[in-house]
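Undergrad: Below you'll find the structure I mean.
The values are calculated or read from the model by the stated rules, or taken from the named source; none is laboratory data. Predicted model only: the values in this text are computed from it and were never measured. Note: ideal-geometry Cβ built from the backbone for every residue, glycine included; neighbour counts use all protein chains shown.
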Amino acid sequence: MSDHSIKGKTVLIAGGAKNLGGLIARDLANHGARAVAIHYNSAGTRADAEETVAAVKVAGAQAVAFQADLTGAAAVEKLFADTIDAVGRPDIAINTVGKVLKKPFTEITEAEYDEMAAVNAKSAFFFLREAGRHVNDNGKILTLVTSLLGAFTPFYAAYAGTKAPVEHFTRAAAQEFGARGISVTAVGPGPMDTPFFYPAEGADAVAYHKTAAALSKFSKTGLTDIEDVVPFIRHLVSDGWWVTGQTILINGGYTTK
């Protein structure tokens, strides 16, 4: 994919400070993005956000960072408003925000369910709403979900269950925003080699997932390498590619175990 398909674009990345979001920010800057707005959730991630901002600037793009808890609609509205004030209306809006809970269905508390619903579903809904209001015509909107949406796996009822609505949100947004030439997609990677994955898994589950996918032996750890996800996302948000209303599962390491 030519750099010209990203060149001059303004990008907003929710959860863009580190891990996959941070790599996406760097990658799009390296491929010619004009500006990248990076959202991060907590003060504990501030240093990562500042490091990503610095890397984006070295690549030649403008960069700003905003801290916010996106589980409230007002915070999502403010994130888009602050982005527009700082670097202009986004051409590309990417939401990588999510939270994992691996726990037996019968042990999940109401507080845990409410938190998972707020982080995984509610924040995604209002991110899509604000993206629909503010992304430029012919823009791209993308949300990270999970390959568990295509699996039959225990202990992820709250996680996969609160990511599942994003499939419908994606289809609905694609239908409504398509008249303006806006593509709306969701990407569901398999278990990725990031700090996001390991706290939710026991040692036996980690060992299993490192061998579960057909391509496990070709990755560095057996899990999905985030470096391999980034070019795919770049492709989906590039001008030279058109797909909308779809959830795309990649390296589906989750199975029926």
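Undergrad: Identify the single condition in (1) touching a Ser or Thr at 6+ places or on another chain (Cβ under 6 Å); (2) over 23 Å from GLU130 (Cα atoms); (3) of a type in the set (D, E, K, R) that LYS57 does not satisfy, given that it satisfies every other one.
TA: Just one mismatch for LYS57, condition (1).
Undergrad: Pairs needed: first member in segment 27-48, of a type in the set (Phe, Trp, Tyr); second member anywhere, modelled with pLDDT under 95 and surrounded by 22 or more Cβ atoms within 10 Å (Cβ to Cβ); C-beta distance under 8 Å; at least 6 residues apart or different chains.
TA: Within 8 Å, no pair qualifies.
Undergrad: Here's something else I'd like to know. Inside segment 69-123, can you point out the residues that are touching a residue at least 60 places away in the same chain (Cβ under 8 Å) and in contact with a Lys or Arg (Cβ under 6 Å, 6 or more places away or on another chain)?
TA: ASP91, ILE92
Undergrad: Turning to a different aspect of this structure: So, in segment 14-57, exactly how many residues are part of a loop (DSSP other than H, G, I, E, B) and in contact with an Asp or Glu (Cβ under 7 Å, 6 or more places away or on another chain)? So that I can check it myself, show each step before the final result.
TA: First, the residues of segment 14-57 that are part of a loop (DSSP other than H, G, I, E, B): 15-18, 31-34, 41-42.
Restricting the remaining residues to those that are in contact with an Asp or Glu (Cβ under 7 Å, 6 or more places away or on another chain) gives 17-18, 31-32, 41.
Selection size over segment 14-57: 5.
Undergrad: List pairs: first residue in segment 221-233 and farther than 17 Å from ILE6 by Cβ, second residue modelled with pLDDT of 75 or more and in a helix (DSSP H, G or I) anywhere in the structure, Cβ distance under 6 angstrom, at least six positions apart or on different chains.
TA: Every condition considered, the pairs that remain are ILE226/LEU20; ILE226/LEU23.
Undergrad: Could you tell me how many of the residues in segment 133-183 are among the aliphatic types (A, V, I, L, M) and more than 19 Å from the chain's Cα centre (by Cα)?
TA: 3
One line per residue, one yes/no per condition, for (1) surrounded by fewer than 17 Cβ atoms within 10 Å (Cβ to Cβ); (2) of a type outside the set (Val, Ile, Thr); (3) closer than 12 Å to ILE13 by Cα:
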position: ALA59; (1), (2), (3): no, yes, no
position: ASP69; (1), (2), (3): yes, yes, no
position: ALA74; (1), (2), (3): yes, yes, no
position: ALA81; (1), (2), (3): yes, yes, no
position: VAL87; (1), (2), (3): no, no, no
position: THR109; (1), (2), (3): yes, no, no
position: GLU115; (1), (2), (3): yes, yes, no
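Undergrad: Mind checking whether some residue in segment 36-46 is surrounded by 18 or more Cβ atoms within 10 Å (Cβ to Cβ), touching a Leu at 6+ places or on another chain (Cβ under 7 Å), more than 19 Å from ASN138 (Cα to Cα) and hydroxyl-bearing (Ser, Thr, Tyr)?
TA: No: segment 36-46 contains no residue that is surrounded by 18 or more Cβ atoms within 10 Å (Cβ to Cβ), touching a Leu at 6+ places or on another chain (Cβ under 7 Å), more than 19 Å from ASN138 (Cα to Cα) and hydroxyl-bearing (Ser, Thr, Tyr).
Undergrad: I would also like to ask the following. Of all residues in segment 1-13, which are crowded, with 24+ Cβ neighbours inside 10 Å and part of a loop (DSSP other than H, G, I, E, B)?
TA: Passing the criteria: only ILE6.
Undergrad: May I pose another question? When the residues of segment 187-200 are narrowed to those that are farther than 24 Å from PHE125 by Cα and modelled with pLDDT under 60, which ends up surrounded by the most Cβ atoms within 10 Å (Cβ to Cβ)?
TA: ASP193
Undergrad: Still on this structure, please answer the following. Condition test on GLU110, is it at pLDDT 95 or above, over 27 Å from LYS78 (Cβ atoms) and charged (D, E, K, R)?
TA: yes
Undergrad: Taking the conditions exactly as written (touching a strand residue (DSSP E or B) at 6+ places or on another chain (Cβ under 6 Å), within 22 Å of VAL76 (Cβ to Cβ) and not basic (Lys, Arg)), does THR45 satisfy them or not?
TA: When the stated conditions are applied, THR45 does not pass them.
Undergrad: All but one of (1) within 22 Å of ILE226 (Cα to Cα); (2) modelled with pLDDT of 95 or more hold for LEU20; state the number of the condition that does not hold.
TA: (2)
Undergrad: Tell me which residues, restricted to segment 146-186, are under 26 Å from PRO231 (Cβ atoms), in contact with a helix residue (DSSP H, G or I) (Cβ under 7 Å, 6 or more places away or on another chain) and at pLDDT 90 or above.
TA: Passing the criteria: ALA160, LYS163, VAL166, GLU167, PHE169, ALA173, PHE177, VAL184, THR185, ALA186.
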